[in-house]
Amino acid sequence: MTDKGTSNRKVSVSGLSRNLVFWFLVFLILVMGWQMVENNREPVETISYSEFQKYLLRNDIQTVTVDRDKFLTGEFKRAIKITARPVQKFETTLPFPSSTDFVATLEERGVEVTGEEPKQGFGTFLVGLLPWMILIGLWIFFFRQVQQGGNRAFSFGKSRAKLLSGDTPKVTFQDVAGCDEAKVELQEIIEFLKDPQRFQRLGGRLPKGVLLVGAPGTGKTLLARAVAGEAGRPFFSMSGSDFVEMFVGVGASRVRDLFEQGKAHAPCLIFVDEIDAVGRHRGAGLGGGHDEREQTLNQLLVEMDGFESNEGVIMIAATNRPDVLDPALLRPGRFDRQIVVDMPDVRGREMILKVHARRIPLSDDVLLEHIARATPGLAGADLANIVNEAALLAARRSKQQVEMVDFEDAKDKVMLGVERRSMVLSEEERKLTAYHEAGHALVSLRLPGQDPVHKVTIVPRGRALGVTFSLPEEDRHNYTKEYMLGRLAMAYGGRLAEELIFGPEKVTTGAAQDIEHATEMARRMVTQFGMSDLIGPVAIGDREQQIFLGRELVQHREVSDKTAEQVDSEVKRILQDAHERARTILEADLETLHAMAKALLERETLDREEIVLLAEGKSLPPRAPTPAPPPEPTATPQPEGSKAEPQGPILGTPPEPAGA
């Protein structure tokens, strides 16, 4: 395959060389002919009008030809040595237009006068012909390019894929962590490329395509770059959005050109990032008109598995929306393997932190394992951001090494938001926020099976004025009904604490996101998870994915009015039960609620150990003085009339349960 591609390139290069040699010879012959014509001409001397008058008075001029009104050519009666050599012919320019009197004067001197139209020389002819030659040449060039395919006459149809060269900084599998299964699958692809006979001896064939599927930030593009660095083969990279333009036929032409380049460099790899931009389900357009994206997809399907063989060209694609891809694109023979790049577990997060921390000096007190356990649900991009923020914080604090406190502050900054200490709150708002967050924390502590409260703060972070942050002791993949009912009760803990302490008339808008989050969770429990005895294990169709026109309109399932009423009543019942459950917990333990709120007003932030001590009725030990944190960038001032939310949502909310 390699020899064939090389021979094709050699043929094209030799054909181009022959064309260049042919046109160069034609040009050389024309130049030589022009020089021969010029050399064979008899020399003509240019003289001034005064000299012309002198020779005329001496009767040395035999003939004169008037080419134009002011331009004369003529011959002497004998060769006259004007410069270094004797000349017979001369030319001059008159200072006035030729007239009858001037001609009569010449005839009196015995000069033979003739007149003729000005003749165009070969150079003048070429100058006049040059624009037509350029136009004809351009027309032939564009015509040949259009015949070769698509809109290549304007370079629109050429692929924009970038070929990774040898001097490109390489990324290897040593730079990728947290997705061991995906690395194993891709390592097998690399072995296929390096030694295909090892797998073909038993009848196996090279896979034609690999689809990387995963949430944003999990490292799909990084894996593709690592494959490029490990394989040592030509690697073309392109984005899905680079195929489609405003001109019809450009996308399909670029697909053809991309695979032509791939065949010329086979065996090679082609990586298309965000393939859902061009590979969406066909028939999604409304109106039935011509869809340029569908034409591009059809060409991609044919190139990946059609009549023509693409042996040695392996396509790798990445997407975070596999549900919208066309089924024909996902079938074996096109994308033979679908590799899921999932969120990393505790061990994976620790390995990712180690990979990104290799480039920064770490202090001896840094424990990346603790950071990994305190960051559940974060993707590789989030962890890389934490390491980078920790390095920036240490640099702003004029440290020589990055310490554990820098990592903790960076983790809180990424997961909870930037502290806004410059935001001035009144004492009443601080007190209300303290009781709100204490209500969340106390309900979470008193409910069985809930994640431990990691941190409670009333320092404004991001868009919230207070945060209650829970962290699981171990990564959760499935969630029980008991756990989810406890989360609902915890969500109402903040609003009920405000109501119990300040009265129903003093409740604020701070619980808006808590109520919204609780309502969404309760509705999913009823409509998707089958956690309602009244509705039963029935999927009502309240799907949280984005509506995909063209498929949803056809497959939409109607819900009867009676079922919708039952769902609404069941959601309301679950939320009311959670509300009353939280009320019972807070009313039975008002003393602890007051203690937590008082500690928050004094210290502003409570960690896990301090919260446990307060829940057990113990006093808090004095806190060691801490250095002042570095100034954060100034927050954007809010427009007049707007008000920040007094309290934010409960952070540490679990991701979507498996199977949802």
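Annotations
- Table column - 3J(HN,Hα) (Hz), segment 173-181, Karplus curve with 6.51, -1.76, 1.60, x for Gly and Pro: 5, 5, 8, 10, 9, x, 9, 5, 5
- Gyration tensor verdict on segment 366-482 (Cα atoms; rounded if a/c is under 1.5, prolate if a/b is larger than b/c, oblate otherwise): oblate
- Shown in residue order for segment 492-508 are the 3J(HN,Hα) couplings computed by the Karplus curve 6.51 cos²θ - 1.76 cosθ + 1.60 at θ = phi - 60°: 8, x, x, 5, 5, 5, 4, 5, 5, 8, 9, x, x, 6, 9, 5, 10 Hz (x for Gly and Pro).
- Extension gain from residue 85 to residue 65, taking 0.36 nm per residue of separation minus the Cα-Cα distance: 4.9 nm
- Taking other residues whose beta carbon is less than 12 angstrom from the beta carbon of residue 406, and scoring Lys, Arg as +1 and Asp, Glu as -1, yields -1.
- Per the Debye calculation on segment 183-253 with a single equal scatterer at every Cα and no solvent contribution, log₁₀ I(q)/I(0) for q = 0.15, 0.28 Å⁻¹ amounts to -0.68, -1.29.
- Computed extension gain for residue 170 through residue 130, at 0.36 nm per residue and net of the alpha carbon distance, reaches 9.4 nm.
- Long-range HN-HN contacts of residue 362 with modeled amide H, under 5 Å: 402
- Backbone N under 16 Å from the residue 370 label point (7 Å along Cα→Cβ), restricted to segment 323-363: 350, 362-363
- Three-way shape label, segment 297-377, alpha-carbon gyration tensor, a/c 1.5: prolate
- A full extension of the chain between residue 427 and residue 345 corresponds to an added length of 25.3 nm, given 0.36 nm per residue minus the alpha carbon distance.
No lab work stands behind these numbers, since they all come straight from the coordinates. Since the model is a prediction, treat every value here as computed from it, not as a measurement. Neighbour counts are summed over all protein chains in view; Cβ atoms, including those assigned to glycine, are modelled from backbone coordinates with ideal geometry.
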